[in-house]
Structure formats: C-alpha cells, structure tokens
Amino acid sequence: MDTRNAVEAVWRIESARVIAGLARMTRDVGLAEELAQDALVAALEQWPETGVPRNPGAWLMTIAKRRAIDLFRRNETLGRKLDEIGREAEQLGEGVLPDFDAVLDDEQIEDDLLRLVFTACHPVLSTQARVALTLRMLGGLSTDEIARAFLVKESTVAQRIVRAKKTLAEAKVPFETPVGDERVARVPAVLEVIYLIFNEGYSATRGDDWMRPALCEDALRLGRVLAGLMPGEPEVHGLVALMEIQASRSAARTGPNGEPVLLMDQDRSRWDRLLIQRGLTALARSERLADGTYGPYSAQAAIAACHAVAVTPDETDWARIAALYAGLAQLTPSPVIELNRAVAVSMAEGPEAGLALVDKLLAEPALKNYHLLPSVRGDFLYKLGRRDEARAEFERAAKMTGNERERALLLERAESCSRLEAGTR
C-alpha cells in the first residue's frame, strides 16, 4: 500500500511532464496519454518489488518511450515516426537505459507543457472540451474532480475528453505553441485551464488533504511562463497576480493537524509577503496595460489584493470587494460569483443582507450539488442566531463535499450550533 501511494504521488507530480514530453515526440496527444498510462501500470506492477527508482519521472518516460517504439514497430504505416523516435534507442545496447535527465530538463518541459496547453485549447475543440482535456493532461485530475470544478456530471466530462482526443487526432492538430492572432484567440481558454488547475490544488475537491500544493506550483509556473510569452496581455498578468496572492496564504490555511483554517481566522503573519508583493506587482502591470480597467482575472486579483493589504480582518475593505464582485458578475455572469458577492455584502452590510442574496440562488440548477451554497447560508443563519437552521445547512454541506478535511470542519460547525442551542434552553 505504501508503494502504491508512492506511485500515485509520483503520477500526480510527473504525469503532465511525461505526457508533454511524449506528445512532443509522437505529435499525438491522445497516444501520449495512453503511453503514459501504460508506464503507470508498469510502475504499479514493478515498484512494489524493486522499490521507487531514484528518478521516477525518467523511469516513467523510459518505459513510455519504449512502448511507443514497440507500437510503431508493429505498425508499418508509422515507419516515419519509428525513425524519429527509435533512432536513439536503436543505437543503444540491449538492456541499456539512456540518460533521460535531459528529456526532463526543466526548460524543455516548460516548453512542452505550454505546447500541450495550447494544443488542448485548439479552436477545433469546444471550450468545455479544451478545459476538460487540459485539466486531465496537465493537472492529472480525475474526471470526477473536473466534473466538480465545472458543476456537471462525471459522465459528461468523460465523454468530452474522449471526443476531444479523437477530434485532435482526426484534425491532425500540430503539437506547437501558436503565434500571432491565433495565440491571442486561445488565451482565454488557456487561462481558464491554468486557474482551474490552481484551484484544485488550493482547495482540493476530494481526498484527505485540504490542499494539493504541487498543482498550485504547476499552475503558477505555467502562468509565469505564459506571462513571459505574452508580456503585453493584461489578463495573463491578472491571472498571475491572482494566483500569487492566493498562494501567499497557503501556510496559514491549515492548522497543526492539517485541518482547514478559514480566511478570517488565519494568522496573517504567516502569509508570504514575497508572494503578495509579486502579486501586487503583477496586478499593477495588468492595470497599466488595460488603462485601469479590469478583466475577469484582474478583477479577482483586485479582490484578493484587498485581503492581502489588510493587516487584520477588521481592516478589510468589504464595500470595495462587494463592488468588485458586482463588476465581475457583469463581465462573467455566474451563480458562484453571486454567492461570493453575497459573502462580501454580508460583511459590509450584515448577515441579513447576505442571506437575502443567497436565498435568491437556492433554485439555481448549477448550485444544486455545490456544497458552498448551504455552507455560506449556514454561516449567515448562525450569525443571525438561527442555530437549528444553521446546523441543518452545515450538515447538508458536509454530505455534499468530497474533501474529508472540509467535511470534518462543516460537521464541527454543525455540532457547535447544537451546543450553543442546548446552552440557551
């Protein structure tokens, strides 16, 4: 079991790099994922006996590349690809492993990952398919995790991924980073992908951990690379600013035993001031490029900045945050944004005002299984002294979440409502 856990951990860290490297060599994103999955199966079979290798990423790449060579050897119509991929292996002695450290060089992998993002975000795919495929390829996310991010059925996401890979193969989409107008046109989907990867790392939708830092780091690195590639695009810098500021809170977001610590309860002295400064600098750059106007990501970064510059929770400018959310709702209408706006309004004007806004969202189909809706509503009811109703909302939210840490927190809040209610009788 320990080895299996190690394999799964390695896969989370290395899968995107392996798939990206294979896609560069095979020029086929779907095939690259299949070969990487074959290497994963081999790891599950061999590592329990041999142990985890010193360089697990290189091991996975070696196995996957060998499988590619075997596959192309069996298919005479792919002789050209065999020549391209197999020439190096043909020159090696039997049983000799090449040094794949060069294949996993950080700079090369960054280029490969960016190519993989843009390939998966090709216009031949629908927006939903682009995001789902890239989350799967780069984030190593399961279809269930992607479905939770999109608030849709798992089967829907699975179908999108299968169709997307088939479409890319049939259209012979090149594995490359586009230039000019074509690159600009693909940027919104790329930004959405990167931020969803970051969000899955920042607040894991399932499992025993509140956060998955490796995903946050991957998303931040991709965002920074994209900012270097497109220095004149304000929303790229806006996204980087948003992720930098949010990541600055990571050390304060969990307690001694890994339990979640909510924003208003965090020790702000533990926030990373360097990341905050980097985020504020990126936000200023975005504002300059856009002449002071905000896009969706720069608006969210401005909201995050309001928290970052407040030394204590009481100093937070909630009125500005509520106004920024109102503007964000105009840019990208969403019930989730309205839910966040309700929280800001409750802090600025009181829980009754926030509850009135939340109650308008109860019939939203997209929020039917969204655990934060009853969680937020429970918080407002708790502050209004309606403890029985609050407890029911927290318990309902606990049943909806797939994250064990979050479930424990919600159940604890429900229990606190029971204790307080009993104390008033």
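Throughout, read-outs are computed from the coordinates displayed, never taken from laboratory work. Fair warning: this is a prediction, and the values are worked out from it, not measured in the lab. As a convention, Cβ positions derive from the backbone with ideal geometry for all residues, glycine included, and neighbour counts pool all protein chains shown.
Things worth noting here:
- Taking a ≥ b ≥ c as the square roots of the eigenvalues of the Cα gyration tensor, region 231-316 is prolate, since a/c reaches 1.5 or more and a/b is larger than b/c.
- Cut-off of 10 Å, at most 16 other beta carbons, DSSP loop: longest stretch of the chain lacking such GluC sites (Glu not before Pro): 177-425
- Helix axis angle, 234-247 relative to the chain longest principal axis, alpha carbon, degrees: 70
- Of all the options 171, 214, 348, the one that moves most in a Gaussian network model of the chain with Cα springs shorter than 10 angstrom is 171.
- Lys, Arg +1 and Asp, Glu -1 on Cβ, resulting dipole of the chain about Cα centre, debye, nearest 20: 780
- For region 305-321 and region 326-367, distance of Cα centres in Å: 19
- FRET E, pair residue 290, residue 268, Förster distance 30 Å, beta-carbon r, rounded to 0.05: 0.55
- Prolate/oblate/rounded label for the chain (Cα gyration tensor, a/c 1.5): prolate
- Among 319, 219, 305, the largest mean-square fluctuation in a Gaussian network model of the chain, built with springs joining Cα atoms closer than 10 Å, belongs to 319.
- Compared with the dominant Cα axis of the chain, that is its longest principal axis, helix 273-289 is turned about 90°.
- Computed [θ] at 222 nm, helices only, for the chain once each DSSP H run of length n ≥ 4 contributes -39500 (n - 2.57): -23500 deg cm²/dmol
- Cα-based helix-to-principal-axis angle, 296-308 vs the chain, degrees rounded to 10: 60
- Local electrostatic count, residue 272, Cβ distance below 10 Å [Lys/Arg +1, Asp/Glu -1]: +3
- Residue of 225, 236, 309 that the Gaussian network model of the chain assigns the largest fluctuation, springs spanning Cα pairs under 10 Å: 309
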